[in-house]
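Here is the structure we will look at, set down as structure tokens.
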Amino acid sequence: MRSEWRVACVRIPRFPIGAVWRTQGGEDDRHDLANRLHWDDRLIALADLAARLKTASRAAGRRRVRAGMTVTEATAHCAELDVRAWDDLVITQAVIDVTGALVAASPQVTPVIGAPGVWWVGASGLERQGGERALVRSLARIAGQWHPNVRIAVADSCVAARAATWGDTPCVLIPPGGDAAYLATAPLTLIPIDEDVRESLMALGLRTAGALAALSATDVERRWGEAGLIAWRLARGDDRRRPTLARVESRRAVTTELPASVTTLEPVLFLVRASLDRLLTQLVADGRAAAIVAITLHLDDTRTVTREARLARPLARVVPLLERCRGLLERFTLSAPVTGVTVAIPATAPATGEQGNLFDTAWRDPSGLDAAIDRLRTELGPNTVVRPIARDRHAPERSGAWVEDMDAAVSRATVLAPPRRFLEASETIEVEYTGDRPVAFHWRARRIPITQAIGPERLAGDWWEDAYCRDYWRCSSASASFVLYVDYTRGAQWYVQGWED
């Protein structure tokens, strides 16, 4: 199928790692410039809140570190691994920056949703600028500032162009009408297919896009429905996706000068309110919401001080944003009078358009809780609002942790405490036996008879940092069920770890 329309795909390998690295940096970047390594040649990985890796650098991959591993598994393969947090806002801002840079090569640039580091770029109508080869050179020069091994491909369809970026050749030009032939030998993993359909095709022995394309459309639709028919079309190079005209956001900032220098922040807060009104009016008109808010104070000694707040969810309302700004201003320590203030929104996101029923007494404005939590953080400091997360560890006291909660919605979901109550540190006890089973234990000057003892359950592990070897017992009494264990790494000492009401 020949097409007059052409598209280029640009893929920067492991782009999220580069985005986080450029933002956070490293000590050796500042003190050892002569021996500075590229970020992909360092032992770096990004992990989510569940302590699982989402991506790893090329150097870490050589040490058998893979995405999907837990941090514990990864560090067992590579003890020197530098694990950093996956930061959606930083990665999104980096995608926006690269999108703006790629516009210099073509006006049609679209980031691929769900794949940070991949862009569609329009390749048609550029004959006067040197055609496709000149476009590839321009894209390679721009994207090469991020990674030396950037991949670029040009084809009639997005699916073929993206599949070509996974080959060994840095730049691929698929001739017009050649997408189906190129995709014939491409593995199915390079075709965006519904997972259920993919598993079914693999079970039938179909491994390539050509094998899927060879089936009849009637048979595919009868067996896999609309999802299968979409996959069949993509395997034949029939892809209706197109890059759109890129829209690079203009800088959203308002700068206001004070009529006279001030040494208190109340006049500044008044100007911040007026600036937010103006900025949010523009945001709402564009269907956007603020993801980051930054305040810059201009001081009388020509210096500036900037503080930035990253929001748990994008907002387009003045009241909750003003509370965040108030919290930022209360953290300022003024070393000189203030002469002006700049309020900026460096990053935005699509507005969610959340609606509420005013006649429903159960509905509450979600931004109200966010504002209250922000005030708590401001008054009491960081790590005031926390939430539990799961850890991939066997020892009960190591299977979870508390982290700072930046999302009020999660806080609302975790207000109720679980019935099991663990002590912050296990306490030693004395145990009475009948045969090999505990029948009572002495704890906090009390003798607690055991009506039922279930166990023992052996748990051992963490030999690489703090080894333990324990036999656990679930012991019931008249008032509660207790979790007891004997620790053989500490001289067979008995402990009470917690209880259930």
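Some notes on this structure:
- Among the residues making up region 254-281, a single one is more than 17 Å from residue 338 (Cα to Cα), in contact with a strand residue (DSSP E or B) (Cβ under 8 Å, 6 or more places away or on another chain) and of a type outside the set (A, V, I, L, M, F, W, C): 278.
- Any helices (runs of 4 or more DSSP H) falling wholly within region 155-223 and containing at least 2 residues that are open to solvent by 40 Å² or more (accessible area, probe 1.4 Å) and either over 17 Å from residue 240 (Cα atoms) or of a type in the set (S, T, N, Q) (or both): 179-183, 195-203
- Qualifying residue in region 108-123 (condition: touching a helix residue (DSSP H, G or I) at 6+ places or on another chain (Cβ under 9 Å) and on the phi > 0 side of the Ramachandran plot): yes
- When residue 313 is tested against (1) within 21 Å of residue 260 (Cα to Cα); (2) part of a strand (DSSP E or B); (3) modelled with pLDDT under 80, only condition (1) is not met.
- Looking across region 137-154, just one residue is open to solvent by 10 Å² or more (accessible area, probe 1.4 Å) and more than 26 Å from residue 20 (Cα to Cα), and that is 137.
- The residues of region 115-128 that are in a helix (DSSP H, G or I) and closer than 16 Å to residue 7 by Cβ amount to a single one, 127.
- Residue among 213, 231, 155 that alone is over 19 Å from residue 112 (Cβ atoms) and touching a helix residue (DSSP H, G or I) at 6+ places or on another chain (Cβ under 6 Å): 213
- Filtered by the rule that a residue be touching a strand residue (DSSP E or B) at 6+ places or on another chain (Cβ under 8 Å) and on the phi > 0 side of the Ramachandran plot, region 447-497 gives 455, 461, 462, 492.
- Of the criteria (1) crowded, with 19+ Cβ neighbours inside 10 Å; (2) in contact with a Cys (Cβ under 9 Å, 6 or more places away or on another chain); (3) in a helix (DSSP H, G or I); (4) not aliphatic (A, V, I, L, M), which one residue 273 fails: (1)
- Complete set of residues in region 282-310 that are closer than 19 Å to residue 258 by Cβ and either open to solvent by 80 Å² or more (accessible area, probe 1.4 Å) or among the β-branched types (Val, Ile, Thr) (or both): 295, 296, 300, 302, 303, 304, 305, 306, 307
The values are calculated or read from the model by the stated rules, or taken from the named source; none is laboratory data. Computed from a predicted model, the values in this text were never measured in an experiment. Note that we place each Cβ from the backbone using ideal geometry, even for glycine, and neighbour counts take in every protein chain shown. Surface accessibility is based on the protein's heavy atoms, side chains included, excluding ligands, DNA and RNA. Shrake-Rupley method; radii C 1.70, N 1.55, O 1.52, S 1.80 Å.
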